[in-house]
Amino acid sequence: MPEAWTLGIESTAHTLSFGLVDPSGTPYPAMSSTVRPDEGGIHPREAADHHKDAAANLLGKLLLQTGISLSEIGAVAFSQGPGLGPCLRIGAALARGISSRLNIPLIGVNHCVAHIEIGRQQCGCQDPILLYVSGGNTQVIAHLDGRYRVLGETLDIGIGNMLDKFARGQGIPFPGGPVIEKRASEWLESNPNPSLVGLELPFAVRGMDLAFSGVMTAAQRLLDNGAELGAVCWSLQEHAFAACVEIAERALAHTGKSELLLGGGVACNTRLREMCTMMATEREATSHAPPRMYCIDNGSMIALLGHIELDHGRTTSLDKSGVDQYLRTDQTPVTWAV
Ligand code: AMP
Ligand code: MG
């Protein structure tokens, strides 16, 4: 087991985040800064500039908050991919700099695997089906033969990007997902017996895969035809989440596993959590969701995976520390989970 603290740097997209795990692998709350464009989506170069400008101050605040000094850090981990190239490169450059300056090991980790490991640790899951629902990714994942295998995924955009884009069309700034959740639950309060009649949307499940862009266009069309925004937010959540829950259920059935674990920013959503619990309960399985601060992108999960990898003897040499925008969940050997 590593004898010092591990620092984790997350910079795959909209958020720069530093996090720490102590020598026993216990994570501490991360210090994060998220770029919030006045209009439009996330521009990779502008997000990277934000990360570069925010870095020194954020790291200082994290050390102050956690009460440790740089000299107590024994390793530094960073998100090596997948993500936006310019953003990933800022995190990698910071990590290389800290590693050389402090003369400590560098560990490049897979961002998707980090979501899984923090969830497993926080929820005490052994061998779950992971429903990973974030901005750029939507995947159903299971561990098999030393890798986390993708059993199903979105064929177009991630569910979070879909929610953000739909919200942006209504003038709601990034991140739109939490606002859609709020509008839906407010509408539900005044419509306690809702009906999907007149609010139907396509249900894009294709075998074990999903698609979201058609749902978004159809939701926009409902608004154009005069439907209330709250009603459409509710319907959009019901349809998009039900599609995810359906493939997660099929994954549980095919693999015979009995734990479902949620991860990624959209896993903050209370309705999605509820739907997963209902499905799991009906099939005598269990559904788990980590604390919300560990669902959204955060440096603590990167530190935790770095700690685990170091514990299993893996570090990253400088010449292998380049980022990989398209790194896949199943490209990373997983030697610690059985
Ligand atoms: P990540 O890429 O994992 O950091 O997650 C960011 C995504 O999560 C964004 O697309 C957000 O809109 C989405 N998100 C965050 N909170 C919620 C929520 N409560 N409901 C739905 N989506 C959410
Ligand atoms: Mg993420």
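Quick check, is E10 within 16 Å of ligand 2 (Cβ to nearest atom), closer than 22 Å to F174 by Cβ and of a type in the set (D, E, K, R)? When the stated conditions are applied, E10 passes them.
Total residues in the stretch 276-296 satisfying the condition of being more than 16 Å from ligand 2 (Cβ to nearest atom), within 30 Å of S32 (Cα to Cα) and surrounded by fewer than 20 Cβ atoms within 10 Å (Cβ to Cβ): the figure is 1. On the stretch given as the stretch 239-280, residues that are more than 14 Å from ligand 1 (Cβ to nearest atom) and on the phi > 0 side of the Ramachandran plot total 1. Might you check whether a residue that is farther than 30 Å from A93 by Cβ and of a type in the set (G, A, S) occurs anywhere in the stretch 289-296? Scanning the stretch 289-296, I find at least one residue that is farther than 30 Å from A93 by Cβ and of a type in the set (G, A, S), so the answer is yes. Among residues of the stretch 228-248 that are over 12 Å from I180 (Cβ atoms), none has a beta-carbon under 6 Å from a residue that is within 13 Å of ligand 1 (Cβ to nearest atom) and small (G, A, S) at least six positions away or on a different chain. Among the conditions (1) part of a helix (DSSP H, G or I); (2) over 26 Å from R250 (Cβ atoms), L163 misses just one, which is (2).
Residues are listed down the side, and each one gets a yes or a no for (1) surrounded by fewer than 24 Cβ atoms within 10 Å (Cβ to Cβ); (2) touching a residue at least 24 places away in the same chain (Cβ under 8 Å); (3) in contact with a helix residue (DSSP H, G or I) (Cβ under 8 Å, 6 or more places away or on another chain):
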{"site": "A4", "(1), (2), (3)": "yes, yes, yes"}
{"site": "S11", "(1), (2), (3)": "no, yes, yes"}
{"site": "G25", "(1), (2), (3)": "yes, yes, yes"}
{"site": "S32", "(1), (2), (3)": "yes, yes, yes"}
{"site": "E46", "(1), (2), (3)": "yes, no, no"}
{"site": "D53", "(1), (2), (3)": "yes, no, no"}
{"site": "L58", "(1), (2), (3)": "yes, yes, no"}
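Looking at this structure, is F174 in a loop (DSSP other than H, G, I, E, B), aromatic (F, W, Y), at pLDDT below 95 and more than 14 Å from G135 (Cβ to Cβ)? In short, no. Among the residues of the stretch 154-172, is there at least one that is within 16 Å of ligand 2 (Cβ to nearest atom), more than 25 Å from G41 (Cα to Cα) and in contact (Cβ under 8 Å) with a residue 12 or more places away in the chain? The answer is no; no qualifying residue exists. Within the stretch 252-271, being of a type in the set (A, V, I, L, M) and either surrounded by fewer than 20 Cβ atoms within 10 Å (Cβ to Cβ) or within 15 Å of ligand 2 (Cβ to nearest atom) (or both) holds for A253, L261, L262, V266, A267. How many residues does the stretch 181-199 contain that are assigned to a loop (DSSP other than H, G, I, E, B) and touching a Leu at 6+ places or on another chain (Cβ under 9 Å)? Total satisfying the criteria: 3. Every listed requirement among (1) within 16 Å of ligand 2 (Cβ to nearest atom); (2) of a type outside the set (D, E, K, R); (3) on the phi > 0 side of the Ramachandran plot is met by G313 save one, (1).
Among the residues of the stretch 212-228, write down those that are crowded, with 18+ Cβ neighbours inside 10 Å and of a type outside the set (V, I, T). Listed by number, the residues that qualify are F212, M216, A219, L222.
Check the stretch 212-227 and report whether any residue there is under 24 Å from D297 (Cβ atoms), among the hydroxyl-bearing types (S, T, Y) and more than 19 Å from the chain's Cα centre (by Cα). Break it down stepwise before answering.
Of all residues in the stretch 212-227, those under 24 Å from D297 (Cβ atoms) come to 212-213, 215-216.
With the extra rule that they be among the hydroxyl-bearing types (S, T, Y), the set shrinks to 213.
From what is left, the residues that are more than 19 Å from the chain's Cα centre (by Cα) are 213.
Yes, the stretch 212-227 has at least one match.
The values are calculated or read from the model by the stated rules, or taken from the named source; none is laboratory data. Fair warning: this is a prediction, and the values are worked out from it, not measured in the lab. No Cβ is skipped: glycine too gets one built from the backbone with ideal geometry, and neighbour counts run over all protein chains shown.
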